[in-house]
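J.: Below you will find the structure I want to go over with you.
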Amino acid sequence: MTTIHVSHGFEESERERVGSLYWEAFRRKLRPAFTNDATGLQTIQAAIRSDRMLVARIEGEVAGVCGYYERGVGAGDLSWSALRTRLSLVAAIRAVLVLSVLSQRERGNALVLDGICVHSDKRGRGVGTVLLDAAVDHARSRSLQAVQLSVVDTNPRAEALYLRLGFQTIDTGSLDLLAPLYGFDRHTTMERRLDR
């Protein structure tokens, strides 16, 4: 049986792996914000925040991550000021406009997740479940009443996992004409209420 350890944050020496994992998982919807893949990957690697991540490790190696929002800031600092330090003026404007469609906000008394991803060679080993359980524990430690996340229509496997773990649909939306740009159309907001 695989032992999975979850902790808050990552070491600076793990930044490249965590950023690459995040970029690999969300590349399709993040890529339009950047002029090319290399710029996108480098920007995400620099932007990810250790203090907004739960990190799962197997035998000391990062196997998956779960980002979350706290005090208005998510797993990556993709604010105008942060993007402007890494990108030209025109590239930063493009990134802010494209990313604004994808942004989420904290909602009420819930922990809002900002991306869950598992390394491709670690899938099917329970990493996603352990990360979600850790998110629930984190929400409880902050006296929150729910955990919320969004899932896109191109990821039915993740949606099935969330349903199996007690998440319920609370809202849906569509990108309509923007769907071809981001690679998905329908998005579903799901919530798991926490028993006290």
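J.: Which value, in debye to the nearest 20, describes the size of the charge dipole of the range 114-196 about its Cα centre when Lys and Arg Cβ atoms bear +1, Asp and Glu Cβ atoms bear -1, and nothing else is charged?
T.: Rounded to the nearest 20 debye, it is 400 debye.
J.: Another one. Anyone know which of T85, T35, T129 comes out most mobile in the 10 Å Cα GNM of the chain?
T.: Of T85, T35, T129, the most mobile in the Gaussian network model is T85.
J.: Moving to a separate point now. For the range 113-173, rounded, prolate or oblate, judged on the Cα gyration tensor with a ≥ b ≥ c (square roots of eigenvalues), a/c < 1.5 rounded, else prolate if a/b > b/c?
T.: oblate
J.: So how far apart, in nm, are the two label points at V73 and A160 if each is 7 Å from Cα heading toward Cβ?
T.: The two pseudo-label positions are separated by 3.8 nm.
J.: Cβ neighbours within 10 Å, averaged per peptide: list 112-121, 88-97 in order, most packed at the top.
T.: The most tightly packed comes first, giving 112-121, 88-97.
J.: Once label points are set 7 Å from the Cα along Cα→Cβ at both R140 and R27, what is their separation, rounded to one decimal in nm?
T.: Spacing of the two 7 Å Cα→Cβ label points: 3.7 nm.
J.: Report Rg/Rh for the chain, rounded to two decimals, where Rg is the Cα radius of gyration and Rh the Kirkwood radius.
T.: 0.94
J.: Still on this structure, please answer the following. Any chance you could run the full-extension gain for R15 through S174? It's 0.36 nm times the residue separation minus the Cα-Cα distance, nm to one decimal.
T.: That pair, R15 and S174, stretches by 54.0 nm at full extension.
J.: Also, quick follow-up: For the chain, what does -39500 (n - 2.57) per DSSP helix run (n ≥ 4), summed and divided by total residues, give at 222 nm, in deg cm²/dmol to the nearest 500?
T.: -11500 deg cm²/dmol
J.: Could you please state, rounded to a whole Å, how far the C-alpha centre of the range 144-196 is from the C-alpha centre of the range 1-78?
T.: Spelled out, the Cα-based centre of one part sits 19 Å from the other.
J.: If you don't mind, there's one more thing I want to ask. Counting other C-beta atoms within 10 Å, which of M53, M190 has the fewest, and how do the rest follow?
T.: Numbers: M53 25, M190 22.
By the 10 Å Cβ count, ascending: M190, M53.
J.: Which one, A25, S13, P180, projects farthest toward the positive side of the charge dipole computed for the range 4-193 from Cβ point charges (K/R +1, D/E -1)?
T.: P180
J.: OK, next. Using a simple spin-label model with points 7 Å from Cα along the Cα→Cβ vector, what separation in nm is obtained for S7 and Q42?
T.: The modelled label-to-label distance comes out at 3.0 nm.
J.: Just subtract the alpha-carbon distance of L102 and A82 from 0.36 nm times their residue separation and send over the number in nm, one decimal.
T.: Values: separation 20, 0.36 × 20 = 7.20 nm, distance 1.70 nm.
Additional length available on full extension: 5.5 nm.
Taken together, the values in this text are just the output of simple stated rules run on the coordinates, not laboratory data. Keep in mind that this is a model prediction, so the values were computed, not measured. A quick note on method: Cβ atoms are made from the backbone with ideal geometry, for glycine too, and the neighbour counts reach across all protein chains shown.
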